[in-house]
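Data block below; observations after.
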Amino acid sequence: MNWRAATACVAYGAQYLFQTRLLRRRIPFIGGFVLTEQCNLGCEHCTVANSGIPDMTWDEVCRGLESLRRKGIRLLALTGGEPMLWRDGKRRLEDVLAHARHLGFQVISLYTNGTLPLKTSADTVFVSMDGLKKTSERLRGNDYDKVLSNIRDSRHPNLIVNCTINRRNAGELEEFTAFATGIPQIKAVSFFFHTPYYGMDDLFLTMEEKRPIIDRILALKRRFPICNSAAALRDVRNNSWQRPTDICVVYARNREFQCCRSIGNREACDNCGYMGYPEILSLLKLRPSSILEALAYLPQGNNPEAQPERPAETG
């Protein structure tokens with residue numbers, strides 16, 4: 001087990017509950033950091049690719065990380081676009097990770113499309129795969145074999161496949177879960193639902209359609225490693241979880257957003273499929289299944305890509 005990351009997770013959770021439950025302080029639990037809007041894919045459900053929005057500079061990245069740190073946030077999720085594409089001169093993703101650790105961020109997750117080699121010192125890597133090959137390539141482009149190759153070549157001890165369920169791939173849920181978790185390098189699968197950020201589309205599933213899918217995920221949990229806890233899945237099925245929420249601050253384009261960048265988009269919020277938030281909310285309520293899942297999927301093993309913490313100049 002990666003004792004540094006695992007101990008940090010447990011200690012941070014206990015400290016957060018002490019600060020928010022006993023001292024009644026309002027502190028976000030996690031920070032999302034959109035490192036770049038660039039992406040090398042053109043997924044059907046996304047409009048990020050080729051948006052023309054420039055990357056943050058190194059100085060802007062440092063200011064953004066410091067802004068999240070000052071809020072008391074110590075869990076960080078690096079996203080995009082494709083965060084592995086970020087550049088500023090000689091600076092690369094690993095410089096961002098090293099500086100974030102120097103600032104005091106204790107556990108860092110990376111969300112990637114998997115088209116680039118999965119060599120990173122991030123504690124957990126979430127790789128997007130939205131179904132079996134034919135379905136995924138229809139949704140995401142013709143890079144499925146490259147993603148699989150990068151996963152199989154990876155030495156990272158905490159790789160998790162992130163699958164966003166929509167109308168196209170819902171029918172192959174069981175087959176995909178068996179396939180993905182059968183890859184030795186994959187620790188588990190995590191499920192989201194498609195969110196209509198840009199309005200209702202033909203990928204969208206109604207709440208009535210999601211409920212039997214959630215029942216299928218609950219059944220799959222008896223056979224396969226799936227990160228989503230039973231408690232959080234039931235909250236989603238009952239449509240009983242709070243949103244928007246103040247447990248997360250997202251930093252993007254040199255701005256802070258509470259909950260997500262679509263804050264104020266009522267249609268997206270009402271139909272939010274981001275399963276990370278109900279999971280965190282359930283965990284903070286100290287529900288047993290959420291605690292057990294969190295403990296089961298703490299960062300494991302010694303990451304061969306881990307780098308020593310080092311300060312970075314911001315000038």
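Below is a table of values for the structure above.
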item	result
Residue 10 closer than 24 Å to residue 119 by Cα, among the aliphatic types (A, V, I, L, M) and not in a loop (DSSP other than H, G, I, E, B)	no
Residue check, residue 74 at pLDDT below 95, under 26 Å from residue 290 (Cα atoms) and surrounded by fewer than 20 Cβ atoms within 10 Å (Cβ to Cβ)	no
Filter result for residue 104 (surrounded by fewer than 16 Cβ atoms within 10 Å (Cβ to Cβ) and farther than 16 Å from residue 255 by Cβ)	yes
Given (1) more than 18 Å from the chain's Cα centre (by Cα); (2) of a type in the set (Gly, Ala, Ser); (3) not in a loop (DSSP other than H, G, I, E, B), index of the condition residue 199 fails	(3)
Out of 291, 217, sole residue that is over 22 Å from residue 30 (Cα atoms), among the β-branched types (Val, Ile, Thr) and either outside any loop (DSSP other than H, G, I, E, B) or at pLDDT 95 or above (or both)	217
From the options 253, 261, 243, 237, residue that is over 19 Å from the mean Cα position of the chain (by Cα) and either of a type in the set (Lys, Arg) or surrounded by fewer than 20 Cβ atoms within 10 Å (Cβ to Cβ) (or both)	237
In region 31-54, residue modelled with the highest pLDDT [restricted to those that are within 30 Å of residue 70 (Cβ to Cβ) and either among the aromatic types (Phe, Trp, Tyr) or over 18 Å from the mean Cα position of the chain (by Cα) (or both)]	33
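The values are calculated or read from the model by the stated rules, or taken from the named source; none is laboratory data. Because the structure is predicted, anything quoted here is derived from the model rather than measured. With ideal geometry, Cβ positions are generated from the backbone for all residues, glycine too; neighbour counts draw on all protein chains shown.
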